[in-house]
Structures are given as structure tokens and as C-alpha cells.
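All remarks here apply to the structure that follows.
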Amino acid sequence: MFLPMEILRSYDISPQLYYGGTSRNTSTEVFINTNCFGVYNSLDIIETQFSSLPNDILIDILSRLPVKPLMQFKSVCKRWFSLIKHDSHLIDLHFARSKSRPILLYIDPLQEKGVLHTSLIASFERSKTLQQRISCAEIVEASNGEEEEVEALVSQVRITNDQWFLYNQVLEPVNGLVCFIDWVTYAIRLYNASTREATPWIKSTLLAEENYKLESKSTMEIKTHCSPIYKFGFDPEKKEHKIFCFWRLVARQQRHRYNSAERPDYERWEALTVGRDTKWRRINAVPNEYNQVKIKDVLPPAFSNKRPVYADGTIYWSNKEYYSDRLGNTNPNDPDVIVAFDVASEKYRVIPIPNFILDEPRDEDYRLPIGMLVLGGHLTLLYRMESHVVKLWMLDDTANKKLENCRGNKSNWSTETITLPFFCDNRVGGFGISESTDKIVFESCGRRNSINFVSLYSYDRKEKTCKKIEIDGLPSFTHHSERSLVTTFTESLFPVQPFNKKTPSLDFM
């Protein structure tokens, strides 16, 4: 007879995804069994062995497992279903423990047969491609003895079926949740990449409402100035996920043909609280009362190509970027600052970038940061210094430092210089690995045969080593458009709908 923990240790776990210890050779390694018949026989044994366990012990055991077996364990009994689906303590504890096993997430639309999707084909954004490749991989040291390489072993590769959905943009995941955006209908859809649960499309009616305010005989029309900007964050106190939509609008004659270089006439902000709001609600652009610096343009640049940054209840963005700055789409009179938008209060702080950072000797083309990332929970600016050298400027913006940073406190900044094995330009980016303060994944963008691609490198801050990341032998990742995404994420059981609503699940081939 198996002991209860032995049953869990031998249960079917996603291949190469979870190890109870710090390496594959520990005694707590989870064995893989893909025999479906054996799996469901095990469920009967598990129910018998665990029926007498109190909830606190059962929660402690379940919180240590990846999401895939937990989804199957919901079928054990009603008690287990309720715990895995609804128990907030289990959901929080499971997420906290999942941070120790971050996953590399790669989402990429598949090409239609006979159609070459290159970065030169603008119509790709409106392509009718219905299938996406979703890969999840654990970043582990290579086992072939070659110190210069790192492997990212593929744990799951999902090819979506033809009944999935079209989208134009995918945002960075927050707590394991991914937000898809449809620019045509101004709608969003939230998707848990682990449980595969998704919300229906939630459309914004703001543009229609703005036009409805005009007189019926008016020849004016309200239009968007470029596409709305979407941001995604989490309120850790109320444990609510929120999506924000920032609109730049222009009022023009109906037949007026305007270009993106024109300044918008006004702005509107919207918010959607996941699981609570059934429609978008309007919010005001409210500055924090402690801001010392005033700026006219609070929103990110209209043509921003930098990844959004979220950390500990705050969404960060830079008010200026290289491309938009050159086109005159940012206010030249505004100082270089970081805007810190608080998810809970829905107010923004303005954090001035100190002069000792701004005045460092750099080429004019690299005056602005080439990237932002979160490192160990701290906002980090990435500057290009030389052809193979970048510098990190890290800001301690924890709760007791937030007001200090609004006032321009310089002592909360620290720095580090890194030499990379590849050429750096303004397309180099990076992202942290979960809660780790020692590891950074750098992105090196390139172009081959008119197709954009991204190569990944894992940098160890302690060892000062930088190693190439490969997934199943692939040295790089195609990055066609904003429909593609490569980043790290943490598995979670966070729901995307209220508990009393039936949540659709997106199945894969």
C-alpha cells in the first residue's frame, strides 16, 4: 500500500517541470507517469488515503504541486474540487511556492499554410491565423558538461485549435495571468496560462459614448490617436487584478485625414477589476499629492515598444523613449521621469531620474534607457554604455521609500555594470526571473531573412557569467509582432472569473 506522500510523488507531473528539491537527483524528485489508466486508478487511491486529513495538512501538500496535476485532482471529490478552485489560502500558498520554479513562457502565432509572415508585411496584424504555439519551459543548467550553455527544457508545447481566438497584442503576465487584446473591437480577454481558464471578451464602449455626446448634426467625429495603451497589474491588499486602458483622442471633421504626428486633443482613462467589474469604468488621471515634479504627458509614448513593468502593486513606465522622442511624440519640456501608477489607489507618482544617471557619458542615441525590468522586486533601468556594456540602475521603491522617491531621494538608487557577449543597441531588453535577485534574462534582437527574432541569455550576477538559452535545441525565437511574447511567469491558481460564474476553459490539440 502506498503512503499518501508516496502517491503524490509518483503521480503524473508535467515532464521536467517540477522537482521537490533543488536538483533532479534529490529524493523528492517527482516521477513521470503518462499512463492515463494508471492516473485515474491513482485518484481512487488518493481519495481513500487522504479523506481523513484535516484541511490545513491537505492544503500544505497540494500547494507544493504544479497546476497540471491539481487540475486533475479536482476530480477526486467535491472537497478537493472546492479547495483547489475556491480556497484563497491554498491559492496564495501555492503561488508563493511556485515562485521557486519560474517557467519560461513563449507565445507565437503560427503561419498560415503558404503565407510567409515577415516583419515587412503590415497585414500580419490583421491575419486570420487562428493557431498559436504556447511553450512552457524550465530554465535549468545544461547536462552536457558544456559550461557556456544553458538549456531551457520544454515541459509543455500547446498548439491551439481552430476554435481559439484572434488577438492583436498580448501583455506581460501578472501572477500567471495573461491579457490578450483585440484592437479592432477594443476588447480584452484574460487567460490563466496554467489552468487554461479564460474570460469572455470584454469590450470598451468609450469611443461610442464619446461620439454619442456630439450633436446629431455635427460633422465632427471622435477618433483614437493611435491605439489605446493597455496596462495590467495587481492590488496585493485587496488581491484584485486590474487592467487599465489609456486613450488619446482627437476631434476632427469626419473626412479629415490626420497622421500620428498630430497631438491628441484630450485623454480618457478606464479600468476593469477582474472578477468584479462586468464592464469598463472611467477613472480620473489623479496625481499623488506628494509629487514634486509636474509633467504634461503622463501616459507612455504612443509608439512605445518597451515591455510594461509591474512590481508589488505598481505599474511603471518611462515618459520618454528613443523612437517617440525623435518623432516629437513626447513633450520636450517634460523632464525625464518614471511614472509609477498605483494599482490600488489608481493614482500616479512621478519619480525624477537623478542627474547623476542622466548626465553619465553616453552616446546621444542612448541617452534614454533602452529597457526596464524588475530585479528582486526592484525597478531597474537598463542603459547602454558601450557596444557590449550595459549598466543597471536599481531603485528601492518599497513601501517606506515611495514618498522619498517622489521627492527625488538619490540614496535609494544603486548601480551595476555588466559586460555582455553580444552587441548592444536600443533593441536589447531584459527581464528578471521571478523573485531572484541573482539571475537576469537578456534579450538580443536580430533579423534574418526579413524575420525578426530574439536570442536569450541568462546572466548570473554572482558568478558574472552569461549563457545562451535554448529551448529544445532552438537558439532563438521568432518575434513577428506584439502578438508574440517570450518572458518568465509563475504558475498560479488565480481565478479569472467570480467563483459563482462558470469559467470557460480553452482546450488545446
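The values are calculated or read from the model by the stated rules, or taken from the named source; none is laboratory data. Keep in mind that this is a model prediction, so the values were computed, not measured. Positions of Cβ are backbone-derived with ideal geometry, glycine not excepted, and every protein chain shown enters the neighbour counts.
Data for the structure
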item: Residue among N412, N426 that alone is in contact with a helix residue (DSSP H, G or I) (Cβ under 7 Å, 6 or more places away or on another chain) and under 22 Å from N291 (Cα atoms); result: N412
item: Any hit, segment 270-285, residues being modelled with pLDDT of 85 or more, touching an Asp or Glu at 6+ places or on another chain (Cβ under 6 Å) and under 23 Å from Y167 (Cα atoms); result: yes
item: Some residue of segment 426-442 being over 29 Å from E364 (Cβ atoms), part of a helix (DSSP H, G or I) and over 18 Å from the mean Cα position of the chain (by Cα); result: no
item: Candidates V350, V389, filtered to the one that is surrounded by fewer than 15 Cβ atoms within 10 Å (Cβ to Cβ) and either under 13 Å from V428 (Cβ atoms) or in contact with a helix residue (DSSP H, G or I) (Cβ under 7 Å, 6 or more places away or on another chain) (or both); result: V389
item: Enumeration of residues in segment 186-217 that are under 22 Å from R282 (Cβ atoms), among the β-branched types (V, I, T) and under 22 Å from the mean Cα position of the chain (by Cα); result: I188, T199, I202
item: Counted residues, segment 63-104 - those being acidic (D, E) and surrounded by 17 or more Cβ atoms within 10 Å (Cβ to Cβ); result: 1
item: Any hit, segment 402-419, residues being closer than 18 Å to S455 by Cα and at pLDDT 90 or above; result: yes
item: Failed item, numbered, when N405 is tested on (1) assigned to a loop (DSSP other than H, G, I, E, B); (2) surrounded by 20 or more Cβ atoms within 10 Å (Cβ to Cβ); (3) more than 23 Å from the chain's Cα centre (by Cα); result: (1)
item: Test: residue in segment 428-436 that is surrounded by fewer than 19 Cβ atoms within 10 Å (Cβ to Cβ), modelled with pLDDT of 85 or more, of a type in the set (S, T, N, Q) and over 23 Å from R133 (Cα atoms); result: no
item: Residue in segment 316-336 that is assigned to a strand (DSSP E or B), among the hydroxyl-bearing types (S, T, Y) and at pLDDT 90 or above present; result: yes
item: Matching residues, segment 53-73, being more than 25 Å from I103 (Cα to Cα) and among the polar types (S, T, N, Q); result: N55
item: Within segment 211-254, tally of residues that are among the hydroxyl-bearing types (S, T, Y) and free of Cβ contacts under 8 Å to residues at least 12 places away in the same chain; result: 3
item: Failed criterion for N400 (all others in (1) exposed (fewer than 15 other Cβ atoms within 10 Å of the Cβ); (2) within 21 Å of the chain's Cα centre (by Cα) hold); result: (2)
item: When residues of segment 286-309 are limited to those that are in contact with a Lys or Arg (Cβ under 8 Å, 6 or more places away or on another chain) and in a strand (DSSP E or B), the one farthest from T205 (Cα to Cα); result: P287
item: Residue tally, condition under 12 Å from I357 (Cα atoms) and in a strand (DSSP E or B), over segment 367-383; result: 3
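Yes/no per residue for (1) out of contact with any Cys (no Cβ under 7 Å at 6 or more places or on another chain); (2) at pLDDT 85 or above:
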{"position": "E47", "(1), (2)": "no, no"}
{"position": "L70", "(1), (2)": "yes, yes"}
{"position": "L90", "(1), (2)": "yes, yes"}
{"position": "F124", "(1), (2)": "yes, no"}
{"position": "L130", "(1), (2)": "yes, no"}
